[in-house]
Structures are given as structure tokens and as C-alpha cells.
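Right, one structure below, let's go through it.
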Amino acid sequence: MTAPVFAVVGHPNKGKSSIVATLSQNDAIAIALEPGTTRKRQEYPLTVDGKTLYTLVDTPGFQRPRRVLAWLEAHSISASDRAETVQAFVIQHRDDGSFTDECELLAPLTEGAGIIYVVDGSVPYSAQHEAEMTILRWTGRPSLALINSIGDDDYSDSWLRALGQFFQVVRKFDAVRAPFEQHISLLRAFGQLEPAWEQPLEQAAAFLLAQRRQRRTEAAALIARTLEDMMSFREKRTLTTLQTSEISDTDLAGQLRTSWYRNQRKREQHLRIAIEKLYEHHRVERQEAELEWHSEHDLFSEDSRKAWGVNRRYLATAGFGAGAVSGAGVDVLALGHSLGAGALVGGLIGAAGSYFYGDRLALPVLNTGVLTNGLRTATFGPVQDSQFGYVVLGRAINHWWHISHRNHAGRELLDLAPAHNHWLEHLDRASRQTIHRALERCRKQRALDDKTRLALASAIEQAMDAYDKWRLNRT
Ligand SMILES: Nc1nc2c(ncn2[C@@H]2O[C@H](COP(=O)(O)OP(=O)(O)OP(=O)(O)O)[C@@H](O)[C@H]2O)c(=O)[nH]1
Ligand SMILES: [Mg+2]
């Protein structure tokens, strides 16, 4: 069975290419302020698992519809020959250069495509559209009109009345902001217009819904892996005796710390790109505060913690005591002991107060040791405080949410302003525990087994769901 094909047609510069980009999940399509951006028809299939579900044809806008209609009227004898007359028009003018844009846009319709007619609902309806709407009606193809609003004004009522005279179904559909559910409902509406398309479009809707669920699960697994990596990450170096004498502990710690931070940021960037790829967004321009720290005090910035950290109450309701989130307080004491015992010959410890929960994020410390062959090892990390994990997790889920709700017509800068982790309050107790235990294990350098990894990914998926619901309630 051949997949349905839809030609997206209309006046120049009304958002045709934007509709094509969103419905075909393709962010490479040229969209621009100038009319005449699209000059040739171009097909964009939507493919899931190697199967084309439907194809959209982007087309140039009508240039001289009244002249075209005059030609059609002069060459038609009765209403029964109108579709053939349109076909004859395309054949006659295809190569003569006089109606290039009209031939480009009508050709797919004469070859069996359905019509998606796009208008801008933010400007008033005017009768100048009637010639092009009449031409489209003459093709006899199944038709759907979309009111896409480019500006802020709303004239959709007058558009609805006029479009209803020419098209079988009329919908409001904002190419940039329409939620995913509207894409699905559009497919189903089209399925009602053409019996042969009902089944393939119903199947397409099912495929897209399954793909969306699958993407969310995969995104959760990607976030879980990065979280594990970042929580347990250590920057290591082995030094010869000579090197040891040449570098002070402070300098060594400084060097390791710098590369530790660089690596952590890199991991976060890789995660951002992986999530975007998963959703077929390849050209997103992002603005996001870097994972930062206060270099003077060796502390992660308080802004990060305030925005993304979790509070005592959150952990208490998950069954963890008030001190659970720091953990570091205890470890620092233990480290002090081992330092005294000589097993560790160096250590950078910040002001003790800062390790207690509620103040700041506790940072990793430098540990150095001597190997049996006389070489010295130095490690920096892992981070001493599971709050760091909540910062990474909050930032990742916030980014995922914006990407998963971004339409492929969107070209605006993605501004990832910090939110608050309050949404985690909607997370069930079991998921809270799973996440917290996993963070603590990573922090203590205990590797996660496969079962724990799976549990972490699924708890993160629950957290994504909680975030989604929280955002929905806010708007
Ligand atoms: N805010 C907003 N702007 C939109 C929307 N759809 C289109 N635009 C803007 O409208 C302009 C034209 O969009 P295109 O999709 O290129 O329009 P087109 O009909 O394909 O234009 P041509 O190919 O030139 O005929 C671009 O600047 C888009 O960013 C929308 O839903 N919301
Ligand atoms: Mg275009």
C-alpha cells in the first residue's frame, strides 16, 4: 500500500514550509521571513523504523491565481471535467515558464496528493484568496485547511466561515506551537476524508505515539547513564617521583580540578546533543548557564543549588533523614582520619561549614597516594554531595522537556532558564528513593549493577512525567 501524500499549498509566506517541517519532523527545511523562500516542490517523507508513514510536499505559493482560474474556466465545459482541466493546465504550462509556481504546486495534486491549504489567521480574511481556493476545489482532491497564526491578532472566525465553503475540514494549527496531540488528530481527520487513507493514517498515528513513548524511555536511559558517570567521575593522574617533586599539591589539585570540571561540562553537552538527536532536532541553538562553581571557595554556585537542588523535606518524605543529602560531612571526617594515618598524603578540603547540607554543594577533594612501584597517584573527585546529582538531573530533565515539546518548525533560541526542582515533589516515594540511593552509591564509588541502572532509568522516567504534568498545570 502506498503511503498518503499531502501537498502543502497556499499564498506565499504563510507558513507552508513551517507546517511541512513540523509534520515531517524535519528541522532542515528552509523557513524565512521573505516570501518566495520555497521555489520548487520538494517531498519530505516521515519515516519510522524504515517505514514511510506519509509524505509531505512543500510547494511555492500561488502567484497569479486569477489568471490560472480564467484559463481553467475558458477550457472547461462542465463541472465533471474540472479535475482533467487542471491536469491539462499543468501539462500545457509545465515548460513554458508562464506559471512556474502554479505548475509546481498543482502537479502533486494531479498525481494523487491530498490538499493541506495554509492561511495566516493573524491577518483578516480577504476575497483575494477565493481564486486559489476555487482552483484547489477544482482538483477534486481530499482537502483540509489549516489556520496557522504568524502574528498575534486573531481573525480565525472569519477565516473559518470562508474556508468552510471550500475545504472538507478546517482546523486551527499553529506550526510552531501546536502540541504533538494535534499532529495526531490532524492525521486522523485526514483519514476520514479518503477511505483508502484511513487505515494507513490510523497506523501512522499509532506508530508516532509508540515512537514518542520509546523516545521518552530512551531519553531517560541517556540521562541515567550521564548522571551515573558525572556522579562517580574521578580525574586521575600518575606521577613519577621527579614530577612529584616539581609540583605542589595545590598546583596538582588546581590542574586536576580544571580538567575535572571541563570533563563534567563535556558530559553534559554530550547529553544535550544526544537528546536533541533522539528527537530529530539537529540545529538547536541553546542558551544555558554553564554548570558553574565558585572558584575561590571550590564550591558549586549557590544559584545552581537553589534552582536545582532538593530540600530536606523532599528527602525526609522519601524516607531519608535530614542529613542524607550531604553525606559529605561524614566523609570529610573520615578523610581527615586517613590523612592522619598517612594513607593519603594530601587533600584539599574547603571550609568545613560548607559541607553541611543547606549551605552549598560540597566539591570533590584531591587524594594522593603512593603505589608500590614508587609512583604517586593523584585523583580528584568524585563529587562529595548528592545535591550535585540533583542539579545535573534537574537541568537535564528541563532540557529534555523543551526538546520533546519543540516543533521542527521552531527556529527560536532555546533559552534554558533555571526552573526549580519543585516538580520533584510530585514524584512518588519509591522513585525518590531509587534516585537518591543511586546517587549515593555513585558518590561512594560503588558501581551500579544492571538492575539498579534499569531502576534508575525508570525512576527518572517517572520524574520526567512529573515534570511534564507540573509544566502542564502551570500553563
Ligand atoms: N510565530 C509564528 N511564525 C510563523 C509560524 N509559521 C510561520 N511563521 C513565520 O512566517 C514566515 C514564513 O514562514 P514559511 O514557513 O517560510 O512560509 P512559506 O509559506 O513556506 O513561505 P514561501 O516558501 O516563501 O512561500 C517565517 O518567518 C516563519 O518563521 C507560526 O506558526 N508562528
Ligand atoms: Mg516555503
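Looking at region 11-26, is at least one residue more than 21 Å from the chain's Cα centre (by Cα), within 16 Å of ligand 2 (Cβ to nearest atom) and part of a helix (DSSP H, G or I)? Scanning region 11-26 turns up at least one residue that is more than 21 Å from the chain's Cα centre (by Cα), within 16 Å of ligand 2 (Cβ to nearest atom) and part of a helix (DSSP H, G or I).
Residues considered: 419, 466. Of these, the only one that is outside any helix (DSSP H, G or I), of a type in the set (A, V, I, L, M) and closer than 11 Å to residue 397 by Cβ is 419. All told, residue 83 falls short of being in contact (Cβ under 8 Å) with a residue 24 or more places away in the chain, within 8 Å of ligand 1 (Cβ to nearest atom) and either in a helix (DSSP H, G or I) or not assigned by TED's automatic domain parsing to the domain that holds residue 133 (or both). Residues in region 26-43 that are in contact with a strand residue (DSSP E or B) (Cβ under 6 Å, 6 or more places away or on another chain) and either touching a residue at least 24 places away in the same chain (Cβ under 8 Å) or under 20 Å from residue 277 (Cα atoms) (or both): 26, 41, 43.
Taking region 29-59 as the region of interest, how many residues are away from ligand 1 (no atom under 13 Å from the Cβ) and surrounded by fewer than 12 Cβ atoms within 10 Å (Cβ to Cβ)? So that I can check it myself, show each step before the final result.
Of region 29-59, the ones away from ligand 1 (no atom under 13 Å from the Cβ) are 43, 45-55.
Of the ones still in play, those that are also surrounded by fewer than 12 Cβ atoms within 10 Å (Cβ to Cβ) are 49-50.
The qualifying residues number 2.
Output the helices (runs of 4 or more DSSP H) that fall wholly within region 90-164 and possess 3 or more residues being surrounded by 15 or more Cβ atoms within 10 Å (Cβ to Cβ), in contact (Cβ under 8 Å) with a residue 24 or more places away in the chain and touching a Leu at 6+ places or on another chain (Cβ under 6 Å), or say none.
Working: elements: 100-110, 130-139, 156-163.
Answer list for region 90-164: 130-139.
Working carefully through the options 209, 227, find the one that is touching a residue at least 60 places away in the same chain (Cβ under 8 Å) and of a type outside the set (Asp, Glu).
227
Restricting to region 393-408, give me the number of residues that are touching an Asp or Glu at 6+ places or on another chain (Cβ under 8 Å) and charged (D, E, K, R).
First, the residues of region 393-408 that are touching an Asp or Glu at 6+ places or on another chain (Cβ under 8 Å): 395-396, 399, 401, 403, 408.
If we keep only those that are charged (D, E, K, R) as well, we get 395.
Number of matching residues: 1.
The single condition from (1) in a helix (DSSP H, G or I); (2) modelled with pLDDT of 90 or more that residue 388 fails is (2).
Figure legend. Inter-residue proximity from region 9-20: first residues at negative phi, second residues near ligand 1 (Cβ under 6 Å from one of its atoms) and hydroxyl-bearing (Ser, Thr, Tyr), beta-carbon distance below 9 Å, spacing 6+ or different chains. Indicated pairs: 12/37; 12/38; 16/38; 17/37; 17/38; 20/38. Given the structure, is residue 252 aliphatic (A, V, I, L, M) and over 20 Å from residue 419 (Cα atoms)? When the stated conditions are applied, residue 252 passes them.
The values are calculated or read from the model by the stated rules, or taken from the named source; none is laboratory data. All values derive from a computational prediction rather than experimental measurement. Neighbour counts are summed over all protein chains in view; Cβ atoms, including those assigned to glycine, are modelled from backbone coordinates with ideal geometry.
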